[in-house]
Amino acid sequence: MGLKQYINDIVEAVVTTAKGMRITARYGVDASEEVTQQYPEERREPSERFRGFLHNDVARCTSCQMCIKVCPVDCISLEAVRGADKKFVLASYDINIGRCMYCGLCVEVCPTKSLTHTSGYEKASVNRGELVLHFIHEDAAEIKARVAKQVAEAAAKAAEAAKAAEAVKAAANPAAPDVAPAAANKPAPAEPQAKEKPESEKKG
Amino acid sequence: MESFALSLVKAVPALSGVPMWTVTLTAMVLTAAILLVFALTFGGLGSYVLRKVAGDIQVRIGPNRVGPYGLLQFLADGAKLILKEDIIPAKADRFLFILAPYLVFVGSFAAFVVLPFGVGLIASDLNIGVYYVMAVTSLVVVGILMAGWASNNKWALLGGMRAAAQIISYEIPVGMAIMPAVLIAGSLSLQDIVRSQGGLLGVFGWNLFHNPFTFFSFILYFTAAQAETNQTPFDLPEAESELVSGYNVEYSGIRYAFFFLAEFGDMFVVAALATACFLGGWHVPFFHAEALPAFWGNLLSLGAFLFKAFALVLVMMWVRWTLPRLRVDQLMRMSWKYLVPLTFVNLLGVSLWLLLFKGKGIPQMIASLVG
Amino acid sequence: MTRPAEALPTQEMLINMGPQHPSTHGVLRVLLRTDGEVVVNARPDVGYLHRALEKIGERVTYAQFMPFTDRLDYLASMNCNCAYAWAVEKLAGIEVPERAEYIRVIVSELNRISSHLIAFGSFTADMGAFTPFLYSIRERERVNDLFEDLCGNRLTYNFARIGGVSADLPPGFLEKTKEFLDYFEPKIDEYNKLISYNKIFVHRLAKVAVITAEDAIAYGLTGPNLRGSGVRFDLRRDEPYSVYPKLDFDVCVGSGERGALGDCFDRYMVRINEMRESVKILRQAIAQIPEGPVAAKVPRVFKPPVGEAYFRSECPRGETGFYLISDGTGNPSRLKIRTGSFVTMNIFEKVTVGLMIADIVAVIGSFDIILPEIDR
Amino acid sequence: MEPQTVFETLKGKFGDAATELQSEGFRPAFVVVSPEKLPEIALFLRDDPAMKFDSLMCLSGVDYKDRFAVAYHLYSMTHRHAVGLKVFLPRENPSVASVDGVWPAANFMERETFDLYGIDFPGSKDLRRILLPDDWDGHPLRKDYKYPDFYHGIKV
């Protein structure tokens, strides 16, 4: 290592250090460069498309289960029963936001746009159970019972109406075949139930 | 200290009935207490300033929640450190583990004794002041090595070893860089060194401007001292990204606080020494503090001294937040291949200058030419 | 007094660097055998973050796997999203509207900038300079803001879809991107002044962990790590996909300007220079982007024909390849992910012999590995 | 060079060792070779001046339910062409010679395949489990893998 190199090294070290220090000094002095946001007091507005906690507008939900099918982590579960007007009635709709990864696939597929992302992102809890959002606060069993009752009532009514009609018909044409009551007398179906899959299938 | 006690007895007649040694002892304890409080406060406020400076440089805000402008952050931190669980690893060498932080702290705190804070504000004006500072700050290395060894942690051990190599290597350039001031003053006493810089309006008498060699001495001293105090770019003993936290990785709570305070104490000692040796110490520019009544003179000179020292501390922080870290072999190379030869050359230069120009500095020569 | 060597035996020290260590960029564990500070052998031990993504891939449908690609390299989710989408499209032979391709390129390059920013920032932080890290985070935050406007998330974007992208650009996005580019370009020079050419920094990196071009190819290094060794190979140019052929950009390679060709400094500089090239690509893409639909018609129940496809694309951390095997059902029968970081770790043991502990940190930083990509 | 030519060259050079060319629906096309001849074929592909497949892009294990396969995606930095190489292995004791002497890049990927599929690579420099713990039971990417309920007493 020659003397020239030696001195060059020293000069280079001093010059590059000075250059760096000038930049840091500029930022140090210039208070307007500060970018910190004082979080709890200052908040930035989440953007329009922000994917926060999920929210289901249960009034518009048709229990089509698209969201359940598309969810990669199975965080949505719902129970629905067929109501008196043949439409499904939600008995429960739960989203486990502790498991949700906010991918937004469920919102995309929702045909009625009842499932949406809100701008909420703050939640803390000491146990995982609290991280399950219940969108229907009533007890599922109660709803089921009520719907079943409605269905039964409707069925009874329909049967009565059918009977009356039959009576009328019978009066008009006694030879008509007996068909109507069979359709109305089906028991209330509780079939579309998306129960959580067993734990072992969700590894990962 | 006896002389101070004697003057105290003379000034306050009521004390004449008390045995002399009690007065001396009380005075000693009081001085030590004042210095300790100063050191602790500096440690606390220093940490606040460090973080604030870091925040400013890094386009952040820094502490601002506790107290106005976050000024009381250090109290909160201190309370946290005191209340924290004191963990001693099961396989640590308990005795050494407990002893190490105190040694480190004592090493940096003992240096405060000879720092000339003002015209008459010096705990003990030792006639070997500079030498004493160099000696006691070397105690730090024993403590750090002890901490590294006793923690029974490989990272801590590496940190301790690095610290030992580093601090011992950098003692030499530090000592040699400070020699010019000693040569000019002709004394090892810090108070004498400061007094020797009082002429020419209290600015141009500074050793910094004495001649080009002293100017370089200052730069070299500052660089080497940065290494002595384990500041970035020489913070290898606690290199966070390599050694996790180095020698103090196993320490927590109040024991960690001692290392922390010692680090800031060291920072101040280094800055104060630079101030005393190169920046005219407590001399107030364009003003004669010595001529004032004792109280005001001391107050003013104390202010000047602290201002200069703090300014240097700020520069140290500024460097700290700008530069990356050296590697351990480069650190050694820098000391032995660059700083040591350069400080020797500098010392030679200063000596020759003093010999050739009969101890006169450039400003002095200009002054004699002009007037 | 001289001692015989036996009286003062020297022992090699075995140190665990990681899985919890500030500068292993995650949960990498390196088993160091050192002689004092000198590394005799450094053996990487990976797998602490294994999430069985490939197994998950066989369980979920093609479309459902998209959010998992976010988790592949969380600093460059967009790149992984698009890579997966391109792979599936190659498998099924889907034509993607041009606007969608442009959008993909724009987000990929933006994400490349943000990923390289993190690489730069965390690398300097590893080297002991903490300030540039904060500066890089500040710039990255702007990219994140842009992405939040675009797709609603700041880290795991899940933006690409098979056959296109999930949504068109929001109004004002291109203008904001341009604004960001104007703001960002001068910052690169500032970084260079602040740290890249700092004497200490250069000394820490020059001639450390030199990888020759032959080794780099043989060990399968890709991306900036390969180019750092002076191999001018970039998938965007040499195996063009999407609309990259229509864009003009340089392939940055290491030049050995501060030491040897293929050292840590070269790899670092390639990333810095690539940010500039990305800015260049972005400006062109913004100027050229056509109007039109952003997604092709893909049936909701998507079942690609039986076949196998391997698609690789240039991600910030090297080549991310998807090897997809379809058996005609809705789920992939095999979904192999080849990631840059994983293959890069292969050469780690070879290049770290004889370095110092502090250099290990530099090597990890210069490889710019990311653990979720290694462990998948 | 097209995979077709690669296949024909291999056929000419190694005879029946190159068993099949999978091209319909395969991007890139695969040349299926017999596992016994793999080391020589790999060396030939790497060193032949017309081939020069100096880079191993990807090495993957595949479970085709009735048999295993190892797929090698090769690329030539010199000629900028790509080809796939595939060996089929039986379900019982699948084993194929390691190629990490030919392409050092193979080491980690072979370890991964060994880990997740249990395919043995005799001759490898260092064949240990890589992603899973050393005492993990079974090879998870096999189609017949059963998820364990517990690992060291921890519920999985």
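The values are calculated or read from the model by the stated rules, or taken from the named source; none is laboratory data. This structure is a prediction, so every number in the text was calculated from the model and none was measured. Glycine gets a Cβ as well: all are built from the backbone with ideal geometry, and neighbour counts include every protein chain shown.
Odds and ends about this structure:
- Contact map, the stretch D:1-23: residues that are assigned to a helix (DSSP H, G or I) paired with residues that are of a type in the set (Ser, Thr, Tyr) and modelled with pLDDT of 80 or more, Cβ distance under 9 Å, separation 6+ or inter-chain. Pairs shown: D:PHE14/D:SER34; D:ASP16/D:SER34; D:ALA17/D:SER34.
- Only a single criterion out of (1) touching a helix residue (DSSP H, G or I) at 6+ places or on another chain (Cβ under 8 Å); (2) touching a residue at least 12 places away in the same chain (Cβ under 8 Å); (3) assigned to a helix (DSSP H, G or I) is not satisfied by C:ARG99, namely (1).
- Restricting the stretch C:28-47 to residues that are touching a residue at least 60 places away in the same chain (Cβ under 8 Å) and surrounded by fewer than 18 Cβ atoms within 10 Å (Cβ to Cβ) leaves a set whose member that is farthest from the other protein chains (Cβ to nearest Cβ) is C:VAL40.
The rows are residues; the columns are (1) hydroxyl-bearing (Ser, Thr, Tyr); (2) modelled with pLDDT under 80; (3) not assigned by TED's automatic domain parsing to the domain that holds A:SER77.
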residue	(1), (2), (3)
A:ARG99	no, no, no
A:TYR102	yes, no, no
A:THR116	yes, no, no
A:VAL126	no, no, no
A:ALA158	no, no, yes
A:ALA162	no, no, yes
A:PRO177	no, yes, yes
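- With a requirement of 1 or more residues that are of a type in the set (Asp, Glu) and closer than 28 Å to B:GLY361 by Cα, the helices (runs of 4 or more DSSP H) lying completely within the stretch B:110-220 that satisfy it span B:154-185, B:190-195.
- Which listed residue, of C:TYR268, C:TYR219, is surrounded by 23 or more Cβ atoms within 10 Å (Cβ to Cβ) and closer than 22 Å to D:MET109 by Cβ: C:TYR219
- D:TYR75 being more than 15 Å from the chain's Cα centre (by Cα), among the aromatic types (Phe, Trp, Tyr) and within 9 Å of chain C (Cβ to nearest Cβ): no
- Selected residue (criterion: surrounded by the most Cβ atoms within 10 Å (Cβ to Cβ)) from residues of the stretch C:151-169 that are more than 7 Å from chain A (Cβ to nearest Cβ) and not in a loop (DSSP other than H, G, I, E, B): C:ALA160
- Against the test of being over 19 Å from C:LEU53 (Cβ atoms), assigned to a helix (DSSP H, G or I) and within 11 Å of another protein chain (Cβ to nearest Cβ), the options C:ILE360, C:ILE281 yield a single qualifying residue, C:ILE360.
- Single residue of B:LEU273, B:LEU243, B:LEU236 found to be crowded, with 24+ Cβ neighbours inside 10 Å and within 18 Å of the chain's Cα centre (by Cα): B:LEU273
- Leading residue by the ranking (surrounded by the most Cβ atoms within 10 Å (Cβ to Cβ)) among those in the stretch A:22-32 that are more than 9 Å from chain C (Cβ to nearest Cβ) and part of a helix (DSSP H, G or I): A:GLY28
- Residue match in the stretch B:342-363 (condition: basic (Lys, Arg) and modelled with pLDDT of 85 or more): no
- Residue ID - surrounded by the fewest Cβ atoms within 10 Å (Cβ to Cβ), chosen from residues in the stretch C:57-77 that are among the aromatic types (Phe, Trp, Tyr) and more than 8 Å from every other protein chain (Cβ to nearest Cβ): C:TYR74
- The test for being touching a residue at least 60 places away in the same chain (Cβ under 8 Å) and surrounded by 14 or more Cβ atoms within 10 Å (Cβ to Cβ) does not hold for B:PHE74.
- Checking A:SER63, A:SER92 one by one, the residue that is of a type in the set (S, T, N, Q), in a loop (DSSP other than H, G, I, E, B) and more than 24 Å from C:GLY152 (Cα to Cα) is A:SER63 and no other.
- Count - residues of the stretch C:16-27 that are away from chain D (no Cβ under 14 Å) and surrounded by fewer than 18 Cβ atoms within 10 Å (Cβ to Cβ): 3
- Scope the stretch D:103-142; condition facing chain C (nearest Cβ under 9 Å), closer than 21 Å to D:HIS73 by Cβ and in a loop (DSSP other than H, G, I, E, B); matching residues: D:TRP103, D:PRO104, D:ALA105, D:ILE130, D:LEU131, D:LEU141
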